[in-house]
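Novice: Before anything else, here's the structure in question.
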Amino acid sequence: MHRPRVLVVKTKKFLGIKIAGVLGVVGLLTTLGSTAGAIASGQPGKTSEWQHAIAKLRLPSKGCFTATYPNVAWKKTPCRPAPKHPYPPVNGHRPQVVGNGTDYSAEVTGHLTSVTGTFDSVSPGLTETGQRNGSGPQVANTYSLQINAKPFTGSLCSGSPNPGCRDWQQFVYSSTYDEVFIQYWLLRFNTTCPGGWNTFMFPMSTDIYCYRNSTSAALTGGIPPVSSLGGITFTGNANSGGNDSVVMTTATGHATATAADSVLHLASGWTGVEFTVVGDCCGTQANFGGGTTLKVRTTVHNGTTNAPTCVIEGFTGETNNLNLVSTPAIGTGVAPAIVSEQTSSAGTPSCASGDAHGDTHVDTEHDLSTYDFQGYGDFVDATTGPNFIVEARQVSGAPSWPNAAVNSGIATHIGKSNVAVCLAPPNSAGGPLARLFINHKIVSLPPGARKNLADGGDVSLDRSGSVYLIRGATGNSVRAQVNVASPDYIDVSVGLARWPETVHGLLANAGSDPTALATRGGTVIRAPFAFNTFYGKYGDSWRVPIKGSLLSDCGEKVLSGNPANLMYAGNLDPKLAEAAKATCERAGVKAPALLDACTVDVAVLGTKAAAQVYLNLPPTIVWNMITLPPFNSAVPKT
């Protein structure tokens, strides 16, 4: 598992931020119903109104403050020097676990003024360990909470010779020191750091980074164990012409905050954000116990009620040992948010995904609609532009099932790399289920292994030896699952690094209309689809000429054509359909659209396992039907 480590930290004398004079208790003193005794007796939910109120209460000045339930008031308290440790930015190859670039972030139009991170839920009995101060043994409840701004162009980089220099700001809670503070960075400053800034360099790199801290404020009430994360709110604020601040509250009725001069003028450049729980400094990892699930909510405020854009992108170099689960929920309203899950189980992160599975059923991006596509040949499944193209080779099920088709190969141009997964030839019994090609060269990848691509992406094979995951440096992904059946086939899932996103191909709807599809030329057709129009005008428009196909590595003879009839459950032999339907129902498939497709898959492919894919699809998905009359014939074209 990749984990960035800190090798060189050159520390200059830190010039502390000047603090304004002493201020007494400020704010409205309000009692919110519950008593402190109720909190002590185990009723933390009683404090939620107080947490909301105190987090919204403006800090009266620069400095450090605390508050205690039930009083909605900030009390000035002495500031501390923040920990002298860096919480460095992303570096090196992106891991599959959360952190060091792998995360869900939220982007907005305009500029963010405030972001709040919370946990909708955490696993019962949650445990975690991590290293303190970047080294040493694993210690329980050692973690950091971070709200990380997307790096932006700021005025302080004007002193850098590097045009790629960027400002970066973090709002941090350190459990090691039990305090909150702000850390400021000049990324790849590449010359002597300004006075009062610390110098940082990654191993084997000549790039120079600069960082400094605000003062820090201590959290009273003791270090919150990770089991209490569900009762924590963590907020970062950026104020144009004023002070930036970080505020933390706990369900046990404690709050702390620090406000400091806006060193980087974040308010004028804050467009994206990551909220996360990771290791406490220095590129370390927070290690959660097995069976962990965290539901993470990032609430954004930019003066609108618009939903944020989901982006697979993170900014901190710290990590945790959990996996992102696709696909996050994105909400609008007075508190627009992105809500995602992190789990101990394997996952394939995407802001939106589309699938082509079985023989062949298409679920469009973001699960807007589902339809059958039984054409055979090479097709564009999805593309967002020249740097991300996914193609599938569909082969006819003839002679047994001439009106059905399955995927025999999946290929992608992702970033600067070409990757193809092709079913092994029929005469290769005892060998691998599929062949892997990277940039037109066959590659042997053992189960459980991963190979990095030159442009920052990677290809991995799960321990079963049946699921290939292809990831690009920007977060786009292709998941190819090889299935043993009669015939063997490949299920493909295409994950997008952003949503909303403009995507074209068989896995895309025309705009946001779930009943509409678009040809390569932009002609829109709407369900129910006339058979001839669907396979002629629409399907043929997404065919890929053999000479230009990304699937040329697969090497098999390619037949291009269309089915002669529909392939729904009603087109099967009644007894076969009845038995297959019963299998799907026992697996838990109920929605009519999914049940029909599942019935066809189980019958045609001859495996009960074909039903499992339908358990992860929403029952509300729109079923786009195809209607007769069909073509007069389906003559294969070589």
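Novice: Can you name the strands (runs of 3 or more DSSP E) wholly within segment 81-196 that have at least 3 residues being free of Cβ contacts under 8 Å to residues at least 40 places away in the same chain? Step through it out loud before you land on a result.
Specialist: Numbers: elements: 104-107, 114-122, 128-132, 135-140, 144-149, 166-174, 179-187.
Per the criteria, 135-140.
Novice: I need a count of the residues in segment 214-242 that are small (Gly, Ala, Ser) and within 13 Å of Thr252 (Cβ to Cβ). Explain how you work it out, then say what you get.
Specialist: Initially, segment 214-242 is screened for residues small (Gly, Ala, Ser), giving 214, 216-218, 221-222, 227-228, 230-231, 236, 238, 240-242.
With the extra rule that they be within 13 Å of Thr252 (Cβ to Cβ), the set shrinks to 221-222, 227-228, 230-231.
Counting residues in segment 214-242 that are small (Gly, Ala, Ser) and within 13 Å of Thr252 (Cβ to Cβ) gives 6.
Novice: Take segment 142-173 and flag every residue that is closer than 16 Å to Pro224 by Cβ and hydrophobic (A, V, I, L, M, F, W, C). Don't jump to the end; show me each part of the working.
Specialist: Filtering segment 142-173 for residues closer than 16 Å to Pro224 by Cβ gives 142-146, 172-173.
Scanning segment 142-173 gives Leu145, Val172.
Novice: Does Ala480 qualify as being among the aliphatic types (A, V, I, L, M) and either free of Cβ contacts under 8 Å to residues at least 12 places away in the same chain or in a loop (DSSP other than H, G, I, E, B) (or both)?
Specialist: Criteria not met by Ala480.
Novice: Looking only at segment 141-175, filter to residues that are touching a Pro at 6+ places or on another chain (Cβ under 8 Å) and hydrophobic (A, V, I, L, M, F, W, C); which one of those is nearest to Thr276 (Cα to Cα)? I'd like the intermediate steps shown before the answer.
Specialist: Going residue by residue through segment 141-175, those that are touching a Pro at 6+ places or on another chain (Cβ under 8 Å) are 141, 151, 156, 159, 166-168, 174-175.
When the remaining residues are screened for being hydrophobic (A, V, I, L, M, F, W, C), the result is 156, 168.
Details: Leu156: 27, Trp168: 16 Å.
This residue is Trp168.
Novice: Just to verify a result, which residue in segment 567-589, among those that are among the hydrophobic types (A, V, I, L, M, F, W, C) and under 37 Å from the mean Cα position of the chain (by Cα), is nearest to Ala405 (Cα to Cα)?
Specialist: Within segment 567-589, the subset among the hydrophobic types (A, V, I, L, M, F, W, C) is 567, 569, 572, 576-577, 579-580, 582, 584, 587, 589.
From what's left, under 37 Å from the mean Cα position of the chain (by Cα): 567, 569, 580, 582, 584, 587, 589.
Values: Met567: 10, Ala569: 15, Ala580: 18, Ala582: 23, Cys584: 20, Ala587: 24, Val589: 22 Å.
Per the criteria, the residue is Met567.
Novice: Let me ask another. Could you tell me which numbered condition Pro349 fails, if it satisfies all but one of (1) surrounded by fewer than 20 Cβ atoms within 10 Å (Cβ to Cβ); (2) at pLDDT below 95?
Specialist: Going through the list (1) surrounded by fewer than 20 Cβ atoms within 10 Å (Cβ to Cβ); (2) at pLDDT below 95, Pro349 breaks only (1).
Novice: Do we find that Ala518 is of a type outside the set (Asp, Glu) and either crowded, with 18+ Cβ neighbours inside 10 Å or touching a His at 6+ places or on another chain (Cβ under 6 Å) (or both) in this structure? Explain how you work it out, then say what you get.
Specialist: Values: of a type outside the set (Asp, Glu): yes; either crowded, with 18+ Cβ neighbours inside 10 Å or touching a His at 6+ places or on another chain (Cβ under 6 Å) (or both): yes.
Yes; evaluated as a whole, the condition is true for this residue.
Novice: Of these, Gly253, Gly236, which one is closer than 16 Å to Ile182 by Cα and surrounded by 24 or more Cβ atoms within 10 Å (Cβ to Cβ)?
Specialist: Details: Gly253 fails: closer than 16 Å to Ile182 by Cα.
Residue meeting the stated conditions: Gly236.
Novice: Let me ask something else. Among the candidates Ala485, Ala508, Ala564, single out the residue that is crowded, with 19+ Cβ neighbours inside 10 Å, assigned to a loop (DSSP other than H, G, I, E, B) and of a type in the set (Gly, Ala, Ser).
Specialist: Details: Ala485 fails: crowded, with 19+ Cβ neighbours inside 10 Å; Ala564 fails: crowded, with 19+ Cβ neighbours inside 10 Å.
When all the criteria are applied, what remains is Ala508.
Novice: Out of curiosity, is Trp197 touching a Lys or Arg at 6+ places or on another chain (Cβ under 6 Å), crowded, with 20+ Cβ neighbours inside 10 Å and of a type outside the set (Val, Ile, Thr)? Can you show your working first?
Specialist: Details: touching a Lys or Arg at 6+ places or on another chain (Cβ under 6 Å): yes; crowded, with 20+ Cβ neighbours inside 10 Å: yes; of a type outside the set (Val, Ile, Thr): yes.
When the stated conditions are applied, Trp197 passes them.
Novice: In segment 254-274, which residues are more than 27 Å from Asn320 (Cα to Cα) and touching a residue at least 60 places away in the same chain (Cβ under 8 Å)?
Specialist: Ala259, Ala260, Asp261, Val263, Leu264, His265, Ala267, Ser268, Gly269
Novice: Mind listing just one residue for me: the one in segment 275-308 that is touching a residue at least 60 places away in the same chain (Cβ under 8 Å) and of a type in the set (Gly, Ala, Ser) and, of those, nearest to Val108 (Cα to Cα)? Explain how you work it out, then say what you get.
Specialist: First, the residues of segment 275-308 that are touching a residue at least 60 places away in the same chain (Cβ under 8 Å): 275-289, 291-304, 306, 308.
Now drop any that are not of a type in the set (Gly, Ala, Ser), which leaves 279, 283, 286, 289, 291, 303.
Details: Gly279: 27, Gly283: 28, Ala286: 29, Gly289: 34, Gly291: 33, Gly303: 10 Å.
Of everything passing the filter in segment 275-308, Gly303 is nearest to Val108 (Cα to Cα).
Novice: Got a sec? Which of Asn287, Asn213, Asn239, Asn243 is at pLDDT 95 or above and over 14 Å from Val172 (Cβ atoms)? Quick ask: steps written out before the conclusion?
Specialist: Working: Asn213 fails: over 14 Å from Val172 (Cβ atoms); Asn239 fails: at pLDDT 95 or above; Asn243 fails: at pLDDT 95 or above.
Of the residues listed, the single one that is at pLDDT 95 or above and over 14 Å from Val172 (Cβ atoms) is Asn287.
Novice: State yes or no: is Ser541 in the same structural domain as Ile490 (by TED's automatic domain parsing), crowded, with 18+ Cβ neighbours inside 10 Å, under 27 Å from Pro402 (Cβ atoms) and of a type in the set (S, T, N, Q)? Steps first, please.
Specialist: On the way: in the same structural domain as Ile490 (by TED's automatic domain parsing): yes; crowded, with 18+ Cβ neighbours inside 10 Å: no; under 27 Å from Pro402 (Cβ atoms): yes; of a type in the set (S, T, N, Q): yes.
No: the conditions fail for Ser541.
Novice: Taking segment 567-580 on its own, how many of its residues are part of a helix (DSSP H, G or I), surrounded by fewer than 18 Cβ atoms within 10 Å (Cβ to Cβ) and free of Cβ contacts under 8 Å to residues at least 60 places away in the same chain?
Specialist: So in segment 567-580, the residues part of a helix (DSSP H, G or I) come out as 569-571, 574-580.
Imposing the further condition that a residue be surrounded by fewer than 18 Cβ atoms within 10 Å (Cβ to Cβ) reduces the set to 570-571, 574-576, 578-579.
Applying the additional criterion that residues be free of Cβ contacts under 8 Å to residues at least 60 places away in the same chain yields 570, 574-576, 578-579.
Here the count works out to 6.
Novice: If you check Ala67 against the conditions, is it in a helix (DSSP H, G or I) and closer than 21 Å to Ala260 by Cα? Walk me through it before giving the result.
Specialist: On the way: in a helix (DSSP H, G or I): no; closer than 21 Å to Ala260 by Cα: yes.
So Ala67 does not fit the description; no.
Novice: Just one of Thr276, Thr271, Thr199 is in contact with an Asp or Glu (Cβ under 8 Å, 6 or more places away or on another chain) and more than 30 Å from Tyr69 (Cα to Cα); which is it? Can you show your working first?
Specialist: Values: Thr276 fails: more than 30 Å from Tyr69 (Cα to Cα); Thr199 fails: in contact with an Asp or Glu (Cβ under 8 Å, 6 or more places away or on another chain).
When all the criteria are applied, what remains is Thr271.
Novice: Here is a further query. Every residue in segment 375-391 that is crowded, with 24+ Cβ neighbours inside 10 Å and out of contact with any helix residue (DSSP H, G or I) (no Cβ under 8 Å at 6 or more places or on another chain), please.
Specialist: Tyr376, Gly377, Asp381, Val390
Novice: Looking at segment 581-616 only, could you name the residues that are assigned to a helix (DSSP H, G or I), among the β-branched types (Val, Ile, Thr) and free of Cβ contacts under 8 Å to residues at least 40 places away in the same chain?
Specialist: Quick first cut of segment 581-616, residues assigned to a helix (DSSP H, G or I) only: 581-587, 592-605, 608-616.
Checking which are among the β-branched types (Val, Ile, Thr) leaves us with 583, 599-600, 602, 604, 613.
Within segment 581-616, Thr583, Thr599, Val602 qualify.
Novice: Now for a separate question. In segment 434-464, which residues are surrounded by fewer than 16 Cβ atoms within 10 Å (Cβ to Cβ) and assigned to a loop (DSSP other than H, G, I, E, B)?
Specialist: If the condition is that a residue be surrounded by fewer than 16 Cβ atoms within 10 Å (Cβ to Cβ) and assigned to a loop (DSSP other than H, G, I, E, B), then Asn439, His440, Ser444, Pro446, Pro447, Gly448, Ala449, Ala454, Asp455, Asp462, Arg463, Ser464 are the ones that fit.
Novice: Which residues, counting only those in segment 200-213, are surrounded by fewer than 20 Cβ atoms within 10 Å (Cβ to Cβ) and either touching a His at 6+ places or on another chain (Cβ under 6 Å) or of a type in the set (D, E, K, R) (or both)?
Specialist: Asp207
Novice: Within segment 119-135, identify whether any single residue is buried (at least 24 other Cβ atoms within 10 Å of the Cβ) and in contact with a Cys (Cβ under 8 Å, 6 or more places away or on another chain), and answer yes or no.
Specialist: no
The values are calculated or read from the model by the stated rules, or taken from the named source; none is laboratory data. What you are looking at is a predicted structure, and each value in this text was computed from that prediction instead of being measured. All Cβ positions, glycine included, derive from the backbone under ideal geometry; neighbour counts span all protein chains shown.
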